[in-house]
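> Below you will find the structure I want to go over with you.
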């Protein structure tokens with residue numbers, strides 16, 4: 001039993017790293033622009049489909065690099081044309097807009113690639129488990145964790161060490177003052193949105209290697225990411241990271257005892273956090 | 001004082017009464033007008049969500065049938081029209097609303113659908129109240145032609161019990177009787193598991209464990225960890241659609257196919273097509289397969305669907321829709337009437353003609369529960385076909401539906417015909 005629990009804790013961390021990657025993109029956008037991006041799952045699926053379309057030409061590795069970039073470009077265009085118009089308005093506007101966008105993206109993918117599941121393979125050597133006993137540690141899963149870790153590290157470096165990152169962080173705290181100080185807030189938001197969508201695209205490619213590729217891919221994965229943000233605390237990126245890992249582990253450990261409750265448990269966890277510490281584990285007080 | 005209230009209530013009552021009255025007066029007129037018009041088959045099936053592909057394929061099969069019916073003179077000499085509504089994949093409320101639209105506003109003569117079992121049950125109930133012939137295309141849960149059966153509801157696809165019974169002995173004899181179940185947590189999964197458990201009990205097998213997985217789960221690794229820890233001989237995967245793609249893909253990435261036998265009941269070409277080649281493995285049941293060289297008319301059907309489907313072959317879903325729509329025409333023409341009771345009576349024990357059946361053993365609608373008794377195809381998946389990229393299944397054994405279905409008196413179906 002102990003072994004089984006340990007297995008599941010490890011496995012939960014692997015999945016959690018993936019949720020964290022998705023949630024970080026969501027969190028970035030939410031923090032700076034106060035837009036709850038319901039279309040994030042749509043962008044994630046777009047990233048996955050672009051990778052599927054690109055793989056025959058540029059191989060898995062090329063697709064892994066190109067597809068998130070292309071997804072980010074689409075994201076930037078969407079931000080410029082649509083999202084920008086609802087900044088500063090009642091949050092209901094952005095909710096409705098991104099909600100509609102999610103449907104448009106999903107149906108767009110369906111129109112282009114059809115409603116069926118597409119076969120997406122990762123390189124053979126990544127598919128094999130490292131050992132019989134630790135069979136859940138496949139090359140691909142470890143790669144996923146490594147890549148998620150690198151992406152998170154780069155994101156934190158970007159935010160803490162670069163001028164743009166500092167502006168994003170400052171904007172998160174007080175956008176008006178940043179604007180008054182002469183920072184081009186419009187460009188900052190666009191860039192920030194692009195980075196968030198890049199992370200969604202990256203998560204999409206990784207998801208396609210593990211799951212079946214179909215237009216609803218993103219919709220199925222988006223809820224745990226929202227939960228991760230709430231558990232970790234709105235406004236805190238380290239919190240989001242922690243939330244993602246917690247969600248993965250909680251659902252993994254639950255699988256040992258109550259297999260049918262693995263999904264429910266993350267919402268129970270969220271409810272508990274909201275009851276005991278409404279701002280989330282690492283969230284700042286009074287932000288939302 | 002509320003001066004407006006009584007007046008408003010009065011006005012509303014008058015309006016309601018007037019509308020109801022108008023509807024009553026108008027009703028006979030609508031019926032006569034309809035008599036000369038086209039015969040309408042309403043189809044409520046998913047066009048969006050998880051089951052979008054299954055729904056789309058069923059609709060495509062039904063449309064092909066409607067085109068053929070029209071080419072052959074229609075239904076009782078009248079032209080046939082297929083009206084399609086998106087039921088969504090999971091929102092039964094929407095499915096019910098769309099079905100009411102088909103029946104109340106479009107005045108359809110027949111109803112087809114649905115992929116989703118819960119929706120199939122709901123549609124059956126509505127059609128029963130409206131007294132319309134309803135053919136369930138692809139909802140498998142036993143109750144449709146069991147405890148919730150209706151005189152007007154017929155079903156093309158198999159019951160879950162038929163699916164498990166057809167493959168259980170192959171699994172037990174070839175791979176052993178220690179089974180672990182991964183079961184999707186809704187009616188379809190539960191009844192499949194019960195079917196297998198009944199077989200295990202009767203044949204001295206052991207259930208070493210079972211885990212219920214939420215519908216729409218994406219990560220199955222923790223369930224697979226549980227499953228391998230129980231050291232079964234066979235891991236039975238009962239998921240369908242996208243869940244099936246996810247669980248099989250992950251099980252193979254973990255190398256579990258090399259240590260245990262992976263199998264299940266219902267499997268579909270849509271799923272095998274969505275899996276990467278290395279994950280097309282396992283023992284399963286197909287409800288119809290496109291490669292049946294010795295069965296007449298199958299190649300024509302395959303060619304006709306290929307023309308409409310970007311060159312891709314038909315799946316069991318196309319066949320469900322095709323047989324569903326043809327059943328409407330055959331019943332009406334056979335009974336020479338659009339009266340639902342007469343048509344339902346005509347279909348009792350009715351054998352499908354070979355150009356519609358497209359399978360061996362003369363499938364027929366069983367008297368007593370209205371369940372089609374088709375042939376089931378037990379076999380195994382293969383990574384790629386020798387001469388066609390979509391030849392992903394090898395049929396090892398053809399099983400007669402009537403041999404694996406519960407007898408009518410054990411299905412729980414108590415048919416009540418209108419007086």
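> Tell me the relative contact order for segment B:83-184 as a rounded percent, counting alpha carbon contacts under 8 Å between residues six or more apart.
Reported as a whole number, the value is 19 percent.
> While we're looking at this one, here's another question. Measuring from the lowest to the highest alpha carbon on each principal axis, how far does segment B:302-354 reach, largest first, in angstroms?
39, 19, 16
> Okay, next question. Which order results if B:129, B:98, B:40 are arranged by neighbouring Cβ count within 10 Å, fewest first?
Placing the least packed residue first, the sequence is B:129, B:40, B:98.
> Same structure, new question: Counting only helical runs of four or more DSSP H residues, what would the 222 nm mean residue ellipticity of chain B come to if each run contributes -39,500 (n - 2.57) and the total is spread over all its residues? Don't skip to the answer; put the middle values down first.
On the way: 15 runs with 187 residues, N = 419.
Dividing the helical sum by the residues of chain B leaves -14000 deg cm²/dmol.
> Follow-up question, since we're still on this one. Report the extension gain between residue B:129 and residue B:202 in nm, rounded to one decimal, defined as 0.36 nm multiplied by the number of residues separating them, less their alpha carbon distance. Don't skip to the answer; put the middle values down first.
Working: separation 73, 0.36 × 73 = 26.28 nm, distance 3.96 nm.
Full extension from residue B:129 to residue B:202 adds 22.3 nm.
> Using only atoms on other chains, find how many Cβ atoms lie within 10 Å of each Cβ of peptide B:80-86 and report the average. Don't jump to the answer; show the numbers that get you there.
On the way: counts 0, 0, 0, 0, 0, 0, 0.
Counting Cβ atoms of other protein chains within 10 Å of each residue's Cβ and averaging gives 0.
> Let me ask you something else. Where Rh denotes the Kirkwood radius from the mean inverse Cα pair distance, what is Rg over Rh for the protein assembly as shown?
Answer for the protein assembly as shown: 1.01.
> Ratio of alpha-carbon Rg to the 2.2 N^0.38 Å globular estimate for chain A, to two decimals, please.
In units of the globular-protein estimate, chain A measures up at 0.99.
> Mind checking A:107-118 for the average number of partner chain beta-carbons within 10 Å of each residue's beta-carbon?
For peptide A:107-118, the averaged partner shielding equals 5.
> Roughly what would the spin-label model give for residue A:96 and residue A:284, points 7 Å off Cα along C-beta, in nm?
Between residue A:96 and residue A:284, the label points sit 3.1 nm apart.
> So, R0 is 30 Å and r is the distance between the beta-carbons of residue B:419 and residue B:194; what FRET efficiency does that work out to, to 0.05? Before the final figure, lay out each step's value.
Working: r = 35 Å, r/R0 = 1.17.
Working from the Cβ atoms, E equals 0.30.
> Using 0.36 nm times the number of residues separating residue A:58 and residue A:6, minus their current alpha carbon distance, what extension gain do you get?
Result for the pair: 14.9 nm of gain on full extension.
> Other chains' Cβ within 10 Å of B:45-54 residues: what's the mean?
What the average comes to for B:45-54 is 4.
> Roughly what % of DSSP beta bridges within chain B run antiparallel, to the nearest 5?
Details: 15 of 48 bridges.
That works out to approximately 30 percent antiparallel.
> While we're on this one: Limiting things to C-alpha atoms, what are the Rg and the maximum Cα-Cα separation (Dmax) for segment A:1-147, in angstroms?
My reading of the Cα-based Rg and Dmax gives 18.2, 55 Å.
> When you count, for each residue, the other Cβ atoms within 10 Å and take the mean per peptide, how do B:155-168, B:336-349 rank with the highest first?
B:155-168, B:336-349
> Give me Rg over Rh for segment B:356-419, both radii from the alpha carbons and Rh done the Kirkwood way, two decimal places.
Here the Rg-to-Rh quotient is 1.16.
> Let me ask something else. Need one number: nm distance between label points at residue B:91 and residue A:176, each 7 Å from Cα along Cα→Cβ, rounded to one decimal.
3.9 nm
> So for chain B, what are the equivalent ellipsoid semi-axes in whole Å, largest first, each being the square root of 5 times an eigenvalue of the Cα gyration tensor?
40, 26, 20
> If neighbour count is taken as other Cβ atoms inside 10 Å, put B:383, B:117 in order from fewest to most.
Result, fewest neighbours first: B:383, B:117.
> Please give the FRET efficiency for residue B:382 paired with residue B:83, using the beta carbon to beta carbon distance and R0 = 35 Å, rounded to the nearest 0.05.
Details: r = 39 Å, r/R0 = 1.11.
E between residue B:382 and residue B:83, to the nearest 0.05, is 0.35.
> Take residue A:103 and residue B:307, extend 7 Å from each Cα along the Cα→Cβ direction, and tell me the distance between the two endpoints in nm.
3.6 nm
> Past the 18 angstrom mark, what percentage of all C-alpha to C-alpha distances in segment B:227-386 do you count?
Working: 8287 of 12720 pairs.
Of the Cα pairs, 65 percent sit more than 18 Å apart.
> Between residue A:73 and residue A:184, what FRET efficiency comes out of the Förster formula 1/(1 + (r/R0)^6) with R0 = 22 Å and r the beta carbon distance, rounded to 0.05?
Details: r = 20 Å, r/R0 = 0.89.
Working from the Cβ atoms, E equals 0.65.
> By count of other Cβ within 10 Å, fewest leading, how are B:44, B:328, B:149 ordered?
Details: B:44 33, B:328 29, B:149 26.
Ascending number of Cβ neighbours within 10 Å: B:149, B:328, B:44.
> On to the next question. Please say if segment A:118-215 is rounded, prolate or oblate, where rounded means a/c under 1.5 for a ≥ b ≥ c the square roots of the C-alpha gyration tensor eigenvalues, and otherwise the choice is prolate for a/b larger than b/c and oblate otherwise?
prolate
Readers should treat all values here as calculations from the given coordinates under stated rules, not as data from a laboratory. Note that the structure is a prediction, hence the values are computed from the model and not measured. Please note: Cβ atoms are built from the backbone with ideal geometry, for glycine as well, and neighbour counts cover all protein chains shown.
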